[in-house]
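So that we are looking at the same thing, I have put the structure below in structure tokens.
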Amino acid sequence: MDVQTWTYLLVGLTFALYIGIAIWAKASSTGEFYVAGKGVPALANGMATAADWMSAASFISMAGLISFMGYDGSVYLMGWTGGYVLLALLLAPYLRKFGKFTVPDFVGDRYYSRTARLVALICAIFVSFTYVCGQMRGVGVVFSRFLSVEIEMGVVIGMAIVFFYAVLGGMKGITYTQVAQYCVLIFAFMVPAIFISMMMTGNPVPQLGFGAQVTGEEVYLLDKLDGLSEEFGFSTYTDGSKPMIDIFFITMALMVGTAGLPHVIIRFYTVKKVSAARVSAFWALLFIAILYTTAPAVAVFARANLLESIPDKPYAEAPGWIKSWEDAGLIAWVDKNEDGKIQYAKGPVYRTDDEFTKLEYKEGERGMSGERLIQNTPTDGKNELYVDRDIMVLANPEIANLPNWVVALVAAGGLAAALSTAAGLLLVISTSVAHDLVKRSFMPGLSDKKELLIARCAAGVAVVIAGWFGINPPGFVAEVVAFAFGLAASSFFPVIILGIFSKRMNREGAISGMVVGIVFTAAYIIYFKFPQLIELIGLPTKENVKENWWFGISPEGIGTLGMIFNFVVAFIVSALTPKPPKDVVEMIEGIRKPEAEGEELVVADH
Amino acid sequence: MSEPSSSSNSEYWRANLKWVGILMSIWFIVSYGCGILFVEELNKIRIGGFKLGFWFAQQGSIYVFVLLIAVYVRVMNKLDHKYSEKKDS
């Protein structure tokens, strides 16, 4: 069978499975809709959390990013796993003990303030939307490459599926679908990784394979890759090129941001006991770690393969995947010296600072060797090959000549990763709107049935908006993701930590800390990432380069500094203002108590 | 069931904080210490094909994270058990 038939078969089967689970796990109350009736076993919850967390970015983009960044890519590996230690030790058990549905709930009650609740709510919705757009885009990429349907059609199909099980099943449906999706995505990620590791090093365990010797040669794979990188003018793979302080701050911002992301935190409300919340954090990280320790290996395999097989090869003899991904619009080759061979070196292929900001092809025009021509102006640099980082994982099975069903499996895995995360985020949005905004802030007398209806409508509207962004992706998605982590790090995280670990922290301290953290972080990111906005208000701008950054900290890492400011301001202001009321202090003591034997937390009264 | 004395609760809390402190220190040393701040020194040591600092940044720190949570789960279950027994007596 060819790749396309396999893909239709596997994607069809997995989609049928997801829908079947959604029908079986239909939610009938708000408790089931928001937090699955708090009756999910820890192991299943851990798996669901892992699928929720590992998005299209983790599955499709991360290994590719690392393979182009080398050591610098460690910021993602450590940042997106280390946050779970913070979650498990500092946040999840206490939030679970507190026993309400959402982060804004906690912030609002702990700081006895509707303003604080609203600020937390706006942050939660903003962060979730940012993320959802990226997922829908991922769905579109997979569909357009593997099923040869238009990106638009792919997004619509993805929307329909998510709509069906998120709106119908709520958290209960999503949780059990995510368990299935985790199995699909981890299988799809590991199978090609194991195959390629075997081929390149003879070791079936990718985590060990990328530190082993190349098959048939007396040289370690990583040393060979370092050599190849230098030969073509790239920085040494295992050394990286970012300044240390920037690596430090980005890693911290990603870790703290992860711990503060609402769609991750809400997962810990779905288990019955506090001890189960801790255990499911363990399972979640274990399941995540399987993919996250494999990704750097995949990155090395892909990079070594690329550097070995492509440079100085005539285009006519280039492997088939080069052409198929060129057709999908993710590879471009410009024959600058007209020798018909692919020269690959450091530096951009084409300029992006003139009328084009991204790659644009000349529709239907082919060059001398049959390559697609592009409209962009080529640079003077030697590099002729543009490779989109996103394709490294998707193309890997083709690059390594694996059987067709493996290629199809990767497509199904990418879809599972994107859909599971999208569904989790949609749920946060609908919970935020129905529970925090409508019920808790404006209509306290709302009946459970009506609230459930509003939650379903909100999820429906959110799907449509996310789909629209998936079809018309704003060029700034990548920039906005830095925003999401920075905001979560500089706002949620300090406020929740202080709420649990300091009895003295009061409303005034928390709100002023959050405001300072967010304003500082947002201002810094906007200044460097969205200079158009700065020009609009008539201020001078500076280029987004190392030399202009504060202490050499990039906008991606600035959330860490925002977090520090948040802590400092919160302490100073709270020391100068009245203590929190007595019932709040009692509440804090309540969440710090040991869990009684056999104690089960009931679904909170709402 | 009588309310547990507040002194037993604060003992539990202090024990919890002690463990959180220990585990978070390891968390910091492994990721920020071995993976970032001292990566160049550690890279001079090699284990198989890996430079040690690079290995910590892309592999080792993640394994340690998983272990840290496992230890915390065990410790807290024991503490919960110990302090909730007092509650019933």
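Among the listed residues A:V569, A:V516, which satisfies the condition of being in a helix (DSSP H, G or I), over 30 Å from B:S10 (Cβ atoms) and touching a helix residue (DSSP H, G or I) at 6+ places or on another chain (Cβ under 6 Å)?
A:V516 is the lone residue from the list that is in a helix (DSSP H, G or I), over 30 Å from B:S10 (Cβ atoms) and touching a helix residue (DSSP H, G or I) at 6+ places or on another chain (Cβ under 6 Å).
Per-residue answers, yes or no, for (1) among the aliphatic types (A, V, I, L, M); (2) modelled with pLDDT of 90 or more:
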site	(1), (2)
A:G37	no, no
A:A57	yes, no
A:F68	no, no
A:M78	yes, yes
A:L91	yes, no
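I need the full set of residues from the range A:215-234 which are part of a loop (DSSP other than H, G, I, E, B), touching a helix residue (DSSP H, G or I) at 6+ places or on another chain (Cβ under 7 Å) and either under 22 Å from B:A57 (Cα atoms) or among the polar types (S, T, N, Q) (or both), in order please.
Scanning the range A:215-234 gives a single hit, A:T215.
This table checks each residue for (1) of a type outside the set (V, I, T); (2) within 9 Å of chain B (Cβ to nearest Cβ); (3) touching a residue at least 40 places away in the same chain (Cβ under 8 Å).
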residue	(1), (2), (3)
A:T236	no, no, yes
A:F249	yes, no, yes
A:K273	yes, no, yes
A:A289	yes, yes, yes
A:L306	yes, no, yes
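Kindly indicate which of A:G538, A:G467, A:G499 is in a helix (DSSP H, G or I) and out of contact with any Lys or Arg (no Cβ under 8 Å at 6 or more places or on another chain).
A:G467
Determine, yes or no, whether B:F56 is part of a helix (DSSP H, G or I), in contact with a Cys (Cβ under 6 Å, 6 or more places away or on another chain) and either among the acidic types (D, E) or under 30 Å from A:A212 (Cα atoms) (or both).
yes
May I ask you to say which residue of A:G370, A:G364 is in a strand (DSSP E or B) and either buried (at least 19 other Cβ atoms within 10 Å of the Cβ) or of a type outside the set (S, T, N, Q) (or both)?
Details: A:G370 fails: in a strand (DSSP E or B).
Result of the check over A:G370, A:G364: A:G364.
Report yes if some residue within the range B:40-52 is surrounded by fewer than 23 Cβ atoms within 10 Å (Cβ to Cβ) and among the β-branched types (V, I, T); otherwise report no.
yes
Being surrounded by 24 or more Cβ atoms within 10 Å (Cβ to Cβ) and modelled with pLDDT under 75 is the filter here, so list the residues in the range A:146-164 that pass it.
A:F146
Would it be correct to say that A:A316 is on the phi < 0 side of the Ramachandran plot and buried (at least 19 other Cβ atoms within 10 Å of the Cβ)?
Taking the combined requirement at face value, the residue does not satisfy it.
Let me ask something else about it. Please count how many residues of the range A:166-203 are surrounded by fewer than 24 Cβ atoms within 10 Å (Cβ to Cβ) and aromatic (F, W, Y).
3
Go through the range B:18-42 and give me each residue that's at the interface with chain A (Cβ under 9 Å from one of its Cβ atoms) and among the aromatic types (F, W, Y).
Of everything in the range B:18-42, those that are at the interface with chain A (Cβ under 9 Å from one of its Cβ atoms) and among the aromatic types (F, W, Y) turn out to be B:W19, B:W27, B:Y32.
Take the residues of the range B:43-54 that are hydrophobic (A, V, I, L, M, F, W, C) and out of contact with any Ser or Thr (no Cβ under 9 Å at 6 or more places or on another chain): which is nearest to the other protein chains (Cβ to nearest Cβ)?
B:I47
Something else about it: Do we have A:V393 as surrounded by fewer than 24 Cβ atoms within 10 Å (Cβ to Cβ), among the β-branched types (V, I, T) and not assigned by TED's automatic domain parsing to the domain that holds A:A22 here?
Judged against the criteria, A:V393 is not a match.
I'd like to know if the range A:165-182 contains one or more residues that are assigned by TED's automatic domain parsing to the domain that holds A:V40 and free of Cβ contacts under 8 Å to residues at least 24 places away in the same chain. Please lay out each step first, then the result.
First, the residues of the range A:165-182 that are assigned by TED's automatic domain parsing to the domain that holds A:V40: A:165-182.
Now narrow it down to the ones that are free of Cβ contacts under 8 Å to residues at least 24 places away in the same chain: none.
No, because not a single residue in the range A:165-182 is assigned by TED's automatic domain parsing to the domain that holds A:V40 and free of Cβ contacts under 8 Å to residues at least 24 places away in the same chain.
A further question follows. For the range A:93-116, what are the residues that are acidic (D, E) and either crowded, with 23+ Cβ neighbours inside 10 Å or at pLDDT below 85 (or both)?
The answer is A:D105, and nothing else.
With respect to A:V107, is the statement that it is assigned to a helix (DSSP H, G or I), of a type outside the set (S, T, N, Q) and farther than 22 Å from A:V585 by Cα true?
no
Among all residue pairs at least 6 apart or on different chains, which show Cβ distances below 7 Å where the first residue, located in the range A:432-453, is in contact (Cβ under 8 Å) with a residue 60 or more places away in the chain and the second is among the aromatic types (F, W, Y)?
A:H435/A:Y34; A:H435/A:F101; A:L452/A:F33
Here's the yes/no breakdown for (1) more than 16 Å from B:Q59 (Cα to Cα); (2) assigned to a helix (DSSP H, G or I); (3) not hydrophobic (A, V, I, L, M, F, W, C):
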| site | (1), (2), (3) |
| --- | --- |
| A:T49 | yes, yes, yes |
| A:I60 | yes, yes, no |
| A:L65 | yes, yes, no |
| A:G70 | no, yes, yes |
| A:M78 | no, yes, no |
| A:T81 | no, yes, yes |
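Looking at A:S197 and the list (1) polar (S, T, N, Q); (2) over 24 Å from A:A408 (Cα atoms); (3) more than 10 Å from chain B (Cβ to nearest Cβ), which single condition is not satisfied?
Result: A:S197 fails condition (2) only.
Shifting gears a bit: Can you find, within the range B:2-18, the residue that is nearest to A:T251 (Cα to Cα) among those that are modelled with pLDDT of 85 or more and buried (at least 16 other Cβ atoms within 10 Å of the Cβ)?
B:N16
The values are calculated or read from the model by the stated rules, or taken from the named source; none is laboratory data. Model, not experiment: these values are computed from the prediction. All Cβ positions, even for glycine, are placed from backbone atoms using ideal geometry, and neighbour counts span all protein chains on display.
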